[in-house]
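Just so it is clear, none of the values below were taken in a lab; they were calculated from the coordinates. What you see is a predicted model; the values in this text were computed from it and never measured. Neighbour counts are summed over all protein chains in view; Cβ atoms, including those assigned to glycine, are modelled from backbone coordinates with ideal geometry.
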Amino acid sequence: MKIKLKLTRIIENALKDADIKADDIVISDATKPEFGDYQFNGVMKLAKILKQNPRQIATRVIEHIDTTGIIKKVEVAGPGFINIWLDNGWLSAQATAIVNDDRVGVGYFSSNQKVVIDYSGPNMAKQMHVGHLRSTIIGDTLANLLEFLGDEVIRQNHIGDWGTQFGMLIAYLEERDTDGNTQELKDLEQFYKDAKVRFDQSQEFANKAREYVVKIQSGDRHCLRLWQSFIDASLGHCEEVYSKLGVKLTRDDVRAESFYNPQLPKVIQTLEKQGLLTLSDGAKCVFLEDWDTPVIVQKGDGGYLYATTDLAGLEFRAKELKANRICYVVDARQGQHFKQVFAIAKQANMVNESVKLEHIGFGTMMDKGGKPFKTRDGGVIKLIDLLDEAVVRAKASIKERDAYSQEELDNIANVVGIGAVKYADLSINRESNYIFSWDKMLSFEGNTSLYMQYAYARIQSILRKYNQEEIKGDIIISDETEHRLALMILKFEDTLIKASIDATPHTITSYLYDVVTLFMKFYESNPILKGGIEEEIKISRLQLAKLTASVIKKSLDILGIRVVDKI
Ligand code: ARG
């Protein structure tokens, strides 16, 4: 339900009827219950323009507000706010209408777009580490969200499979005669270290590694085969992580750096034709207005750079994939890179002016001491190890709660452990750094996945006590806790739209926290299972609980987090 849009129309009409001209009307959520459900704060701005007393204008507007249907009451407050209360009858009808709707009342975008989401993008020379967690899960959430709202989403995994280090790695692969399938590649981190030792210790090996770089680039069959087997093994590691995380990326979504190689000379030609290239110390550069440092697109020795590949990628995504919006879910520290690359792509007409280009940046995961997250001896933490540890810890913290069968316990621990890691990350404003804490993320209290999963399971256990066929009837909103809970549930669509525009998963988690907190209050004051409750009331409460469970489930679905019927 697009409640804000409805209220905007009502205020627009009131202003028109009151003969007041105004554009961009913004309705906001009331910050406190005593301010009603929503507020219109725009009168102050109007008053300035009209040079009139804001309270007088607000009073005039209020007289023209049509309160039939959705609105119960409007009031002028403070220096000229208009506070709006919604009608319980209206809320009841809207909530009842969506109890059995599998989209929980959420519509589709009216003009759907083709959106490319570039996320995860691990480097194939190494194993995925915690730094790749954020891109992978924020990107996946965004993809789920836009898909749900009706956009055509194209997931792109821009893996780093090209560069000089691959010469060293495949030379070592050949020397070990492993063909990419053995135990040795189980730990890519170790394999890389061992290869580096060889590289530093043997001149002959180092020469071969360098020779192999040139050979892969010129398409040598033998070297390419070795390279491919190495990439396959490395991608296999990533897929193991994706599957544990429940992230939807597949091999079909991989569009690696190497994919763009054939296009790189053309990128240089295009920039040349557009008069954007400058030769500086033998390197080809683009100087942009407002930037001190140029962007190098081809080195003196002919080698191309990260930015060159991204330019080719932008052109491909805009022209071949025909995207209207292209989102890069990449570490905030690459902000300058993306600003520059976007500016060049537009200036060179590689991307049409109307295409929206967005860097969806995110901060760093820190340890308790506020330092980037590392192992005790300062090494990188492999993502797979972190996820396994999450499941072990989740198991320890839930196993005493009930007499679970082994299978049940394993399943719940998986859902809870992985959910905790994902939720803890997604619930932070993505631009901030955050402190990784096992205790906090595995808590039953507060804004955690467990709190949401537990509420969901609890509702399921209540519903199980009834024959589902018998739960039929209206949601009747009769008190403040029901009013607030139902209204929050009906805000689902407005929330998802906001999250999709800002590309902020935490908008969804904060909302979910509000829903569940309101549900707990409702459940405390409006018991369901107690005896002596009128049938109609009991059904209404059951329906509201069922609707709450649907919102929890759908929100967690979008966040890529699973639920269980029992915790
Ligand atoms: N491989 C890069 C890294 O680990 C991320 C790639 C992001 N995508 C892109 N099109 N540049 O930093």
(message) Restricting everything to alpha-carbon atoms, can you work out Rg to Rh for region 208-260 with a Kirkwood hydrodynamic radius?
(response) 1.09
(request) Would you mind ranking HIS222, HIS64, HIS359 by Cβ crowding within 10 Å, fewest neighbours first? (result) HIS222, HIS64, HIS359
(request) Within the set of other residues whose C-beta is less than 9 Å from the C-beta of ARG325, count the net charge using Lys and Arg as +1 and Asp and Glu as -1. (result) 0
(message) In whole Hz and in residue order, list the ³J(HN,Hα) couplings for region 379-393 that follow from phi through the Karplus curve 6.51 cos²θ - 1.76 cosθ + 1.60, θ = phi - 60°; x for Gly and Pro.
(response) x, 7, 8, 6, 4, 4, 5, 4, 5, 5, 5, 4, 5, 4, 5
(request) With an 8 Å cut-off on Cα pairs and a minimum separation of 6 or more residues, tell me the relative contact order of region 278-358 in percent. (result) 26 percent
(request) Can you check what the net charge comes to around GLY139, using other residues whose Cβ is under 13 Å from the Cβ of GLY139 (Lys, Arg +1; Asp, Glu -1)? (result) -2
(request) Give me ILE428, ILE384 ranked fewest to most by other Cβ atoms within 10 Å of their Cβ, as a rough exposure proxy. (result) ILE384, ILE428
(message) Pairs of alpha-carbon atoms within less than 8 angstrom and 6+ residues apart define the contacts here; what relative contact order does the chain have, in percent?
(response) 16 percent
(request) Fewest Cβ neighbours within 10 Å first, please rank LYS126, LYS193, LYS530 accordingly. (result) LYS530, LYS193, LYS126
(request) Mind jotting down the three principal axis lengths of region 475-567 based on Cα atoms? Whole angstrom, largest first. (result) 47, 29, 17
(request) Report Rg (one decimal) and Dmax (nearest whole number) for region 43-156, counting Cα atoms only, units Å. (result) 23.4, 68
(request) Relative to the compact-globule scaling 2.2 N^0.38 Å, provide the ratio for the alpha-carbon radius of gyration of region 329-401. (result) 1.77
(message) Restricting to DSSP loop positions (anything but H, G, I, E, B) with no more than 16 other Cβ atoms inside 10 Å of their own Cβ, which trypsin sites (Lys or Arg not before Pro) remain in region 249-352?
(response) LYS299, LYS322
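When DSSP beta bridges are limited to those with both residues in region 313-454, what percentage is antiparallel, rounded to the nearest 5?
Beta bridges within region 313-454, antiparallel portion: roughly 10 percent.
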(message) With a cut-off of 8 Å between alpha carbons and a minimum separation of six or more residues, what is the relative contact order of region 25-117 in percent?
(response) 24 percent
(request) Could you pull out the trypsin sites (Lys or Arg not before Pro) across region 12-115 that fall in loop regions by DSSP (anything but H, G, I, E, B) with no more than 14 other Cβ atoms inside 10 Å? (result) LYS21, LYS51, ARG103
(message) Ratio of alpha-carbon Rg to the 2.2 N^0.38 Å globular estimate for the chain, to two decimals, please.
(response) 1.15
